[in-house]
Amino acid sequence: MEEVVLVNDRNEVVGILDKSLVHGKETPLHRAFSLFIFDTSNRLIIQQRSFYKKAWPLIWSNSCCGHPALNESNINAAKRRAKYELGIQIEDVVEVAPYRYCYSFNGIMENEICPILVARYRGNSDIREKVNIEEVNSFRWIDWAHWLDEVSNNGDAYSPWAIDETKILMNEIKFKKWLGYCRASVKC
């Protein structure tokens, strides 16, 4: 049983609830995280959410999302979920920016305080045998510049939070430095 940490607008804990009871027509505000995983060539892994998912089934999104347990850091939760969903070990995990959103789709609401994290994966990019099909229907690696074009021109194909978070990342100096965009020749 996975539990979700319910919070108020100040991100103070107000309760805990079984994940299966949280997402519905009116979802209480809760903690989550959103993760963007890059390989050593700065390609991003995106996933098509499994049709088993209650929220946004078969919609393409960022690498991984999840809910930290009570007293679990967002970074540890991200490592745990990357292993569970994609079957991979990640490193260089950094919380880059805060984010809060509320979206509804097909009668299911997401209502989350959801910081944006980035991480590095240094393993083999062919992870087909590792992915958890209850979480991920499909995945693909995409160059960051191509991803920016995709979310700008084909927004309906992706989760609304992945689009919002991408726009936030594009303007975050902390992310640009992490990705290696900031060098002596390129000022951030």
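Data overview
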| quantity | calculated |
| --- | --- |
| Extreme residue, surrounded by the fewest Cβ atoms within 10 Å (Cβ to Cβ), among residues of the stretch 1-40 that are in contact with a Cys (Cβ under 7 Å, 6 or more places away or on another chain) and not aliphatic (A, V, I, L, M) | F33 |
| Residues satisfying the stated conditions in the stretch 79-103, i.e. open to solvent by 30 Å² or more (accessible area, probe 1.4 Å), touching a Lys or Arg at 6+ places or on another chain (Cβ under 8 Å) and in contact (Cβ under 8 Å) with a residue 40 or more places away in the chain | D92, V94 |
| Flag for R43 being surrounded by 13 or more Cβ atoms within 10 Å (Cβ to Cβ), within 20 Å of R100 (Cβ to Cβ) and among the basic types (K, R) | no |
| Residue selected from the stretch 65-78 under the condition surrounded by fewer than 19 Cβ atoms within 10 Å (Cβ to Cβ) and free of Cβ contacts under 8 Å to residues at least 40 places away in the same chain, by the criterion nearest to I133 (Cα to Cα) | N76 |
| Of residues in the stretch 157-188 being open to solvent by 30 Å² or more (accessible area, probe 1.4 Å), among the aliphatic types (A, V, I, L, M) and free of Cβ contacts under 8 Å to residues at least 24 places away in the same chain, the one farthest from S34 (Cα to Cα) | A184 |
| R140 at pLDDT below 95 and farther than 30 Å from V14 by Cα | no |
| Residue in the stretch 54-64 that is closer than 23 Å to F139 by Cβ, in contact with a strand residue (DSSP E or B) (Cβ under 6 Å, 6 or more places away or on another chain), in a strand (DSSP E or B) and open to solvent by 40 Å² or more (accessible area, probe 1.4 Å) present | yes |
| For L21: the one exception among (1) free of Cβ contacts under 8 Å to residues at least 12 places away in the same chain; (2) touching a strand residue (DSSP E or B) at 6+ places or on another chain (Cβ under 8 Å) | (2) |
| Verdict on I108 being over 19 Å from K177 (Cα atoms), of a type in the set (A, V, I, L, M, F, W, C) and over 15 Å from the mean Cα position of the chain (by Cα) | yes |
| The stretch 116-156, residues that are among the acidic types (D, E), closer than 17 Å to G66 by Cβ and open to solvent by 80 Å² or more (accessible area, probe 1.4 Å) | E134 |
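The values are calculated or read from the model by the stated rules, or taken from the named source; none is laboratory data. On a predicted model such as this, the values are computed, not experimentally measured, just so you know. Cβ coordinates were reconstructed from backbone atoms using ideal geometry, including for glycine residues, and neighbour counts include every protein chain displayed. Keep in mind that these areas ignore ligands, DNA and RNA; they rest on the heavy atoms of the full protein, side chains included. Shrake-Rupley method; radii C 1.70, N 1.55, O 1.52, S 1.80 Å.
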